[in-house]
Amino acid sequence: MGTGTGIGRVRGLGSAKHGAHHWLAQRYTAIGNLLLVLWLLFSLIALPGLDYESVVNWIHNPLVAVPLMLMIVSIFMHLRLGMQVMLEDYVHDKGLAFFSMLLLNFYAYAGAAAGVFAIAKIAFIGVVK
């Protein structure tokens with residue numbers, strides 16, 4: 001095995017064996033997002049009104065709150081996967097790449113947590129009669 005060229009250094013090492021998982025996860029979250037957003041749109045269209053009380057009472061139903069939470073988590077996971085690919089492709093400085101990935105992870109997890117918390121707070125506390 002040669003050490004002079006790039007191909008000589010990696011010949012015989014095989015693949016990293018993680019690219020397909022990332023690609024599949026991005027596709028699964030895209031399908032989940034499509035289904036959940038369509039469910040959200042049709043559910044909102046079926047509501048008698050879009051006033052505050054109607055929407056809060058609608059979210060209070062567990063059959064509505066759980067899919068809303070799943071949608072929030074799936075959207076932020078999909079965002080994280082897509083942005084990770086972009087950062088890996090276009091940020092070449094190692095320190096900046098690490099810092100960017102750190103910020104991306106904090107943003108994605110904090111956004112998902114805040115969305116789930118907001119839905120849970122409405123679903124379990126805020127019932128308007």
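Some observations on this one:
- Percent carbon-and-sulfur accessible area, the range 38-94, ignoring ligands, DNA and RNA, probe 1.4 Å: 71
- Across the alpha-carbon atoms of the range 40-117, the computed radius of gyration and Dmax are 17.2, 53 angstrom.
- Label-point gap, in nm, between S54 and A20 - each point 7 angstrom along Cα→Cβ: 4.9
- Between L102 and S43, the modelled labels are 3.7 nm apart [label points 7 Å from Cα along Cα→Cβ].
- For V91, distant residues with modelled amide H under 5 Å away: none
- Taken along the Cα-to-beta-carbon direction at a fixed 7 Å, the label points for L63 and R27 span 3.2 nm.
The values are calculated or read from the model by the stated rules, or taken from the named source; none is laboratory data. Since we're looking at a predicted model, the values are computed, not measured. Cβ sites come from the backbone with ideal geometry, for glycine too, and all protein chains shown count toward neighbours. Ligands, DNA and RNA are excluded from the accessible area calculation, which covers all protein heavy atoms including side chains. Shrake-Rupley method; radii C 1.70, N 1.55, O 1.52, S 1.80 Å.
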